[in-house]
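The values are calculated or read from the model by the stated rules, or taken from the named source; none is laboratory data. These figures come from a predicted structure and were not determined experimentally. Cβ atoms come from the backbone with ideal geometry, glycine included; neighbour counts cover every protein chain shown.
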Ligand SMILES: Cc1ncc(COP(=O)(O)O)c(C=O)c1O
């Protein structure tokens, strides 16, 4: 963890030093993870050092080992990669027990819905399990275009293009549309896929403080004329914090500075707006005020994949030029069919959206009333409970599991150490009783853990 040792699992002072010393001493005994020595390039093959061709020296290996060792020393069970034996909605089954679940993006409780599962099965019977080629080559199926047309209707855009992964959608779209003479401005809390896309594009990349359109205004005033094209990327809802940007203000900046605006609706589709159509509906803004609307199929839509909706010219361009579309297999037919069936249910059953919105408000109010720190949360479907320590978050998650509640910790380096948290995703199927029980246990156990000596090795 080299430069980030000071943030190791939230440990302070002598405990942290003791732990690091132990790990370092073990490494000196020869387990092969000592920091690579400085190497001057040499033309001799025999002088190529081990760290350039052995897997144990790959970046990240050592950091992971330190984190695992720390967890082991503190007797903390790894809360990641828990195996779920059922559909994960408001409840889930892990091992042989049922839990109240807050760890899935199944916002409207649609995953596992019989109509969606049937559509996926029918698509398998008709087209098989794979598109077996990229769509331009011979992977195109009617279900692809049906899905894209429906997504375009919902976002009120001319057209839409679907990709096999949400993450890859951002990477390949931003990566292919922008280049070295351009500037990409993204929120400080932007999703990794947005940042990876910006890096791939070769454009200059700057972040602006979270949701701060006034700060973005200043950055644009100073920088706009130094670049050809400028892209602002924001998200419809921020998944770590459960808050939303003031979209009309960002649209204003887009117009003022003659730049492009992209909105990632991964967590806002199905969650925001009267009909769940996302942040544009929430703020009642004109659809074409946003140049590039991005979304994923893996959350509300209970499938797998991502999409871009926008003007026909943009979609055509991506169809022929985005490497992640042209050189990648078409979306699996059952995935496309499941997403389309989920979209139909979203439209037909708006009460799911109203219920989710109500539950989000209830959870948020009860958490605040119990004295819990919910950060920037605005009471939609994502509620962070900030503990300020990775180790405390992991312990709390494990204690809650013992009490029948499954919720994941978000720890450094996914967020800054002082922002470590538990993150609750709500589902339209949660009951008020489940929420009341959760808040009660959460407040009690957090209080208890804060009083115990967490940091003793
Ligand atoms: C804001 C945002 N964009 C993109 C993605 C990537 O989507 P997927 O998980 O469907 O690949 C995520 C995933 O969580 C996300 O939160």
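Below are the figures for this structure:
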quantity: Counted residues, segment 68-106 - those being buried (at least 19 other Cβ atoms within 10 Å of the Cβ) and either touching a helix residue (DSSP H, G or I) at 6+ places or on another chain (Cβ under 6 Å) or over 21 Å from residue 296 (Cβ atoms) (or both); calculated: 4
quantity: Residue that is crowded, with 21+ Cβ neighbours inside 10 Å and over 20 Å from the mean Cα position of the chain (by Cα), where the choices are 157, 129, 173; calculated: 157
quantity: Failed criterion for residue 132 (all others in (1) more than 12 Å from the ligand (Cβ to nearest atom); (2) closer than 20 Å to residue 313 by Cβ hold); calculated: (2)
quantity: Check on residue 330, closer than 19 Å to residue 165 by Cβ and within 16 Å of the ligand (Cβ to nearest atom); calculated: no
quantity: Evaluation of residue 145 against (1) touching a strand residue (DSSP E or B) at 6+ places or on another chain (Cβ under 8 Å); (2) surrounded by fewer than 23 Cβ atoms within 10 Å (Cβ to Cβ) (one fails), failing number; calculated: (1)
quantity: Test: residue 318 is closer than 22 Å to residue 288 by Cβ, modelled with pLDDT of 95 or more, under 24 Å from the mean Cα position of the chain (by Cα) and surrounded by 15 or more Cβ atoms within 10 Å (Cβ to Cβ); calculated: yes
quantity: Qualifying positions in segment 222-239 - touching a helix residue (DSSP H, G or I) at 6+ places or on another chain (Cβ under 8 Å) and either surrounded by fewer than 21 Cβ atoms within 10 Å (Cβ to Cβ) or assigned by TED's automatic domain parsing to the domain that holds residue 408 (or both); calculated: 224
quantity: Conditions (1) within 22 Å of the chain's Cα centre (by Cα); (2) closer than 19 Å to residue 105 by Cα: number failed by residue 417; calculated: (2)
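This table checks each residue for (1) within 30 Å of residue 346 (Cβ to Cβ); (2) assigned by TED's automatic domain parsing to the domain that holds residue 408.
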| site | (1), (2) |
| --- | --- |
| 53 | no, no |
| 67 | no, no |
| 84 | yes, no |
| 96 | no, yes |
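The rows are residues; the columns are (1) part of a helix (DSSP H, G or I); (2) at pLDDT 95 or above; (3) over 18 Å from the mean Cα position of the chain (by Cα).
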site: 340; (1), (2), (3): yes, yes, yes
site: 343; (1), (2), (3): yes, yes, yes
site: 364; (1), (2), (3): yes, yes, yes
site: 368; (1), (2), (3): yes, yes, yes
site: 371; (1), (2), (3): no, yes, yes
site: 378; (1), (2), (3): no, yes, no
site: 383; (1), (2), (3): no, yes, no
site: 397; (1), (2), (3): yes, yes, yes
